[in-house]
1. May I ask you to list the residues in region 209-258 that are in contact with a Lys or Arg (Cβ under 9 Å, 6 or more places away or on another chain), open to solvent by 70 Å² or more (accessible area, probe 1.4 Å), free of Cβ contacts under 8 Å to residues at least 40 places away in the same chain and assigned to a loop (DSSP other than H, G, I, E, B)?
2. Taking the residues in region 281-302 that are within 24 Å of Asn239 (Cβ to Cβ) and more than 28 Å from the chain's Cα centre (by Cα) as candidates, determine which candidate is surrounded by the most Cβ atoms within 10 Å (Cβ to Cβ).
3. Test Asp101 against the stated conditions and say whether it is acidic (Asp, Glu), at pLDDT below 95 and surrounded by 14 or more Cβ atoms within 10 Å (Cβ to Cβ).
4. Working only within region 100-119, note down all residues that are hydrophobic (A, V, I, L, M, F, W, C) and assigned to a loop (DSSP other than H, G, I, E, B).
5. Kindly establish whether Arg96 is part of a strand (DSSP E or B) and either among the small types (Gly, Ala, Ser) or open to solvent by 40 Å² or more (accessible area, probe 1.4 Å) (or both).
6. Could you list, in sequence order, the residues of region 172-191 that are on the phi < 0 side of the Ramachandran plot, in a loop (DSSP other than H, G, I, E, B) and either small (Gly, Ala, Ser) or exposed (fewer than 13 other Cβ atoms within 10 Å of the Cβ) (or both)?
7. Out of Leu262, Leu195, which single residue is in contact with an Asp or Glu (Cβ under 6 Å, 6 or more places away or on another chain), part of a strand (DSSP E or B) and either open to solvent by 20 Å² or more (accessible area, probe 1.4 Å) or under 20 Å from Met172 (Cα atoms) (or both)?
8. Can you tell me which residue is least open to solvent (accessible area, probe 1.4 Å) among those in region 120-149 that are within 30 Å of Asp35 (Cβ to Cβ), of a type in the set (A, V, I, L, M, F, W, C) and in a loop (DSSP other than H, G, I, E, B)?
Amino acid sequence: MGRSHAADDRLELPHRAGQGVFAGVSFAIDNPVKDWWGEGDEKIYVDGEAFPSHFGTGTEDYYGYAWCWPGLFTHAFHAQPRCDGPGNYGRTSVNRFHILDRIPFNRDFKFDMELWHWHQNCKVNMAVTAYWYARPGATDAFKPIRADDAVVRPLAAYTPPRVAGAIEGETMKILKVTGTANPQDWGGLSNEQQLWWHAGMKPGDTLTLAFPAPKAGQYRVFGRFLKARDYGIHQLAINGRKLVRPLDFYHPEVRPMNEVLLGDFELKAVDNELVVTVVGANEKAEKSYMFGLDYLRLTPAE
């Protein structure tokens, strides 16, 4: 169909009149954001029904998967052969064929599929191909395909937003770690990732990272971190000098912090050390002592 649609719109397959069988549908969408686009329900009306006899629970359920899953799969009667990503960004194609569960109709048939996007103001391009059979004399309301309907519109490669000047935690060199430290995708962060320190930590354990500066000198250092119910209380030190007090990263929900001023430090051009030491945990926290670094940001000290 090739038209733009907004959140909570409806994609309606043209009405068919006559006797026949509905046998499946393929769907393609160009999604310019990572947010999920497929919460809308399917509604299938057979032979003049006032209320649909087939009333589903979402696009992903109709096409045979769940949880906005971007993974590719191919099965006998349903498939997701394309999902560009990351997440649900880019071009996605799905299909389902009603072979064992074909839907016959004697007078008419109508299929509505809501488009309910998590991003309230998102505009998408989408196209649908329906597969059906009918006896001679049946009619449909398909409009002729125009050249504009067949245009594949350009879609740029996904570029995650980044904070200007950020030294991303996930790019820092790990010099020493107890447990595991690795990048983790998380929406709302700079570059949409954090460096996540986890797995088997206890008070006294340390994580040591190396980070650069534009040149040797005195810098004001800012940091942004995550909070969560299983994150700990940690003492941070830069080039051997500790912050005034440990930072408590507990929050009942996973939440990015506001940027924090860590202090003024004398930095080298390369291999400055950030040492994170587990001190303990908030009394309300799950005692996993985890830690998440979004980024450091440097400005020349006045």
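1. Selection gives Pro252, Glu253, Asn258.
2. Here is the first cut: in region 281-302, the ones within 24 Å of Asn239 (Cβ to Cβ) are 289, 291-302.
Adding the requirement that they be more than 28 Å from the chain's Cα centre (by Cα) leaves 298-302.
Numbers: Leu298: 20, Thr299: 11, Pro300: 12, Ala301: 14, Glu302: 6.
That would be Leu298.
3. Working: acidic (Asp, Glu): yes; at pLDDT below 95: yes; surrounded by 14 or more Cβ atoms within 10 Å (Cβ to Cβ): no.
Spelling it out, it is not the case that Asp101 is acidic (Asp, Glu), at pLDDT below 95 and surrounded by 14 or more Cβ atoms within 10 Å (Cβ to Cβ).
4. Narrowing region 100-119 to residues hydrophobic (A, V, I, L, M, F, W, C): 100, 103, 105, 109, 111, 113, 115-116, 118.
Those that are hydrophobic (A, V, I, L, M, F, W, C) and assigned to a loop (DSSP other than H, G, I, E, B): Leu100, Trp116, Trp118.
5. Numbers: part of a strand (DSSP E or B): yes; either among the small types (Gly, Ala, Ser) or open to solvent by 40 Å² or more (accessible area, probe 1.4 Å) (or both): yes.
For Arg96, the condition - part of a strand (DSSP E or B) and either among the small types (Gly, Ala, Ser) or open to solvent by 40 Å² or more (accessible area, probe 1.4 Å) (or both) - is met.
6. Looking only at region 172-191, we keep the residues that are on the phi < 0 side of the Ramachandran plot, and these are 172-178, 180-187, 189-190.
Going one step further and asking which of them are in a loop (DSSP other than H, G, I, E, B), we end up with 172, 178, 186-187, 189.
Answer for region 172-191, where residues must be on the phi < 0 side of the Ramachandran plot, in a loop (DSSP other than H, G, I, E, B) and either small (Gly, Ala, Ser) or exposed (fewer than 13 other Cβ atoms within 10 Å of the Cβ) (or both): just Gly187.
7. Working: Leu262 fails: in contact with an Asp or Glu (Cβ under 6 Å, 6 or more places away or on another chain).
Selected residue: Leu195, the only one of Leu262, Leu195 that is in contact with an Asp or Glu (Cβ under 6 Å, 6 or more places away or on another chain), part of a strand (DSSP E or B) and either open to solvent by 20 Å² or more (accessible area, probe 1.4 Å) or under 20 Å from Met172 (Cα atoms) (or both).
8. Out of the qualifying residues, it is Cys122.
The values are calculated or read from the model by the stated rules, or taken from the named source; none is laboratory data. Just so we're clear, the structure is a prediction, and the values are computed from it rather than from any experiment. Every residue, glycine among them, receives a Cβ derived from its backbone with ideal geometry; neighbour counts consider all protein chains shown. Keep in mind that these areas ignore ligands, DNA and RNA; they rest on the heavy atoms of the full protein, side chains included. Shrake-Rupley method; radii C 1.70, N 1.55, O 1.52, S 1.80 Å.
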